[in-house]
Amino acid sequence: MASKISLKAKGKAVKGTEERSAEKCVKEWSNWAMKKAKVIAHYGFIPLVIIIGMNSEPKPHIYQLLSPV
Amino acid sequence: MGSSASLAAAPPPPVAPPPALPAGLAQVLPQKAEEKGNGKGAPEKVDWLDLPCPVPYEELQREALMSLKPELFEGLRFDFMKMLNQRFALSHSVFMGSMEVPSQSSDIIKVPSSHYEFGANFLDPKLMLIGRVLTDGRMNARVKCDLTDNLALKIHAQLTNEPHFSQGMFQFDYKGKDYRSQFQIGNNAFYGANYIQSVSPHLSFGGEIFWIGHQRKSGIGFAARYNTDKMVVTAQVASTGIVGLSYVQKISEKVSLASDFMYNQMSRDVSSTFGYDYILRQCRLRGKIDTNGVVGALLEERLNMGVTLLLSAEVDHVKKDYKFGFGLTVGE
């Protein structure tokens with residue numbers, strides 16, 4: 001009986017640590033994803049706006065991007 | 001939408017036939033209403049089921065803020081906006097001057113700084129993308145997307161190269177027939193929601209709650225706005241101990257006067273501001289005077305097609321801080 005209870009307790013403890021490490025995993029992955037998303041947004045947002053703008057009608061020319069006229 | 005349209009439009013005709021009536025009654029009732037109107041100038045009948053949509057909650061004090069908080073600056077400012085397309089524009093902006101560094105003591109610390117800012121705007125009726133990047137790597141991005149007719153998503157992000165200094169905020173706006181609601185999610189576990197409802201053609205009430213996760217702080221606030229064609233009165237109370245009232249009176253098409261009162265219970269701070277806004281054909285002049293001893297003015301003069309001269313002045317008599325700035329804006 002005592003051994004069954006202790007086995008059950010150990011089982012719960014193992015499951016508990018497994019759940020906690022799953023939570024940690026999710027947190028770590030989401031942190032990593034947020035960091036990558038921040039870097040992508042930081043470098044890529046303005047090029048994205050320029051690409052969307054250059055493809056809108058009427059299509060402007062490439063030289064208009066650089067010349068001040 | 002609601003109040004700026006009402007301030008700009010002419011006063012409505014004294015009689016308006018009710019909109020949603022079956023054909024038979026509609027034949028009869030407008031005549032009756034016209035007779036009444038010609039006789040005594042009776043007030044128009046309020047259709048309580050067809051109230052106008054209120055202004056968004058964050059624009060509650062829009063008219064007061066336009067007059068009383070103009071963008072005063074110190075130094076030189078040069079903005080150039082180049083339209084490549086009806087929707088797509090690039091902007092270049094140069095600033096040279098002193099920026100104020102917030103300090104704990106009452107001394108003003110100014111640091112001379114200069115920066116060049118490059119920006120790209122894409123404005124579509126359904127999608128708006130605005131991005132600005134500075135020479136020190138800071139980036140400011142705004143996205144506004146109309147997911148459906150009534151639901152809009154707004155994203156505002158300020159990203160820096162330094163870690164832990166970036167901020168981002170997502171806002172979901174839902175516009176109903178005579179109400180608006182908004183839900184916000186920000187970084188540092190910030191959650192907020194607000195709601196505003198029209199209760200009469202001129203009066204609207206609203207409330208907001210927010211929760212900051214990291215500091216376990218929450219707050220609730222209430223707001224009310226009464227506007228007619230000629231004036232706007234707003235009041236805001238928040239559980240952070242701030243009470244704010246504002247009153248804007250439109251004297252004519254060109255002139256409007258505004259005043260604002262703010263009381264902060266935590267820091268026992270009271271301040272009041274009075275200002276004016278002249279919108280003339282060639283220029284726009286805004287000035288304000290404060291109970292903290294600050295006098296400021298901003299002049300935007302249109303010199304030519306697309307060229308605007310900016311002159312800004314802010315004098316703080318109490319702290320002996322004098323700021324003068326001039327600038328030029330080229331392009332729309």
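The values are calculated or read from the model by the stated rules, or taken from the named source; none is laboratory data. Everything numeric in this text was worked out from a predicted model, so none of it was measured. So basically every Cβ, Gly included, is an ideal-geometry build from the backbone, and we count neighbours across all protein chains shown. Each accessible area value is taken on the protein alone, full model and side chains, heavy atoms only, with ligands, DNA and RNA left out. Shrake-Rupley method; radii C 1.70, N 1.55, O 1.52, S 1.80 Å.
Couplings for region B:243-250, taken from phi via the Karplus curve 6.51 cos²θ - 1.76 cosθ + 1.60 with θ = phi - 60°, read 10, x, 10, 8, 9, 10, 10, 8 Hz in order; Gly and Pro are left as x. Computed on protein heavy atoms with a 1.4 Å probe, the accessible areas place B:Phe170, A:Phe45, B:Phe210 in the order B:Phe170, B:Phe210, A:Phe45, largest first.
How large is the dipole of the protein assembly as shown about the Cα centre if only Lys and Arg carry +1 and Asp and Glu carry -1, each at its Cβ, rounded to the nearest 20 debye?
On the way: 46 positive and 39 negative charges, 297 e Å.
For the protein assembly as shown, the charge dipole is close to 1420 debye.
Considering only alpha-carbon pairs that sit under 8 angstrom and 6 or more positions apart, the relative contact order computed for chain B is 14 percent. Candidates B:Phe165, B:Gly192, B:Tyr179 compared by Cα position along the dipole of chain B: farthest toward the positive end lies B:Tyr179, with charges placed on Cβ.
Using the Cα centre of region B:118-257 as the reference point, and only Cβ charges (+1 on K/R, -1 on D/E), how large is the resulting charge dipole? Debye, rounded to the nearest 20.
Numbers: 15 positive and 10 negative charges, 28 e Å.
Value, rounded to 20: 140 debye.
Per-residue mean of foreign Cβ neighbours for B:163-169 is 1 (Cβ atoms of other chains, 10 Å radius). Legend: mean number of C-beta atoms from other chains within 10 angstrom of residue C-beta atoms, peptide A:36-48, equals 5. Protection proxy ranking, highest mean first, for peptides B:72-78, B:55-61: B:55-61, B:72-78, where packing is the per-residue count of other beta-carbon atoms within 10 Å, averaged.
Taking max minus min of the alpha-carbon positions on each principal axis, the protein assembly as shown gives extents of 98, 61, 56 Å, largest first.
Here the convex hull built on the C-alpha positions of chain B has a volume of 183 cubic angstrom per residue.
Per residue of B:56-62, other chain Cβ atoms within 10 Å of the residue Cβ number 0 on average. Compared with the dominant principal axis of the Cα atoms in chain B, helix B:23-40 is inclined by about 80°. For the residues B:Asp146, B:Asp107, B:Asp321, a 1.4 Å probe over the protein chains yields an accessible-area ranking, largest first, of B:Asp107, B:Asp146, B:Asp321.
What trypsin sites (Lys or Arg not before Pro) in region B:188-270 are in a loop by DSSP, with at most 13 other Cβ atoms within 10 Å of the Cβ? Spell out each step's value before the answer.
Numbers: sites: B:Arg216, B:Lys217, B:Arg225, B:Lys230, B:Lys250, B:Lys254, B:Arg268; in loops: B:Arg216, B:Lys230, B:Lys254, B:Arg268.
The qualifying sites are B:Arg216, B:Lys254, B:Arg268.
Potential lengthening of the chain between B:Phe78 and B:Phe222 amounts to 47.9 nm, from the contour at 0.36 nm per residue minus the alpha-carbon distance.
Only Cα sites of region B:192-332 enter the Debye sum here, all with the same form factor; the resulting log10 I(q)/I(0) across q = 0.16, 0.17, 0.20 1/Å is -1.06, -1.10, -1.16, listed in q order.
Between amide H atoms placed 1.01 Å from N, distances below 5 Å from B:Val55 occur with B:Gly2, B:Ser3, all of them 5 or more places distant or on a separate chain.
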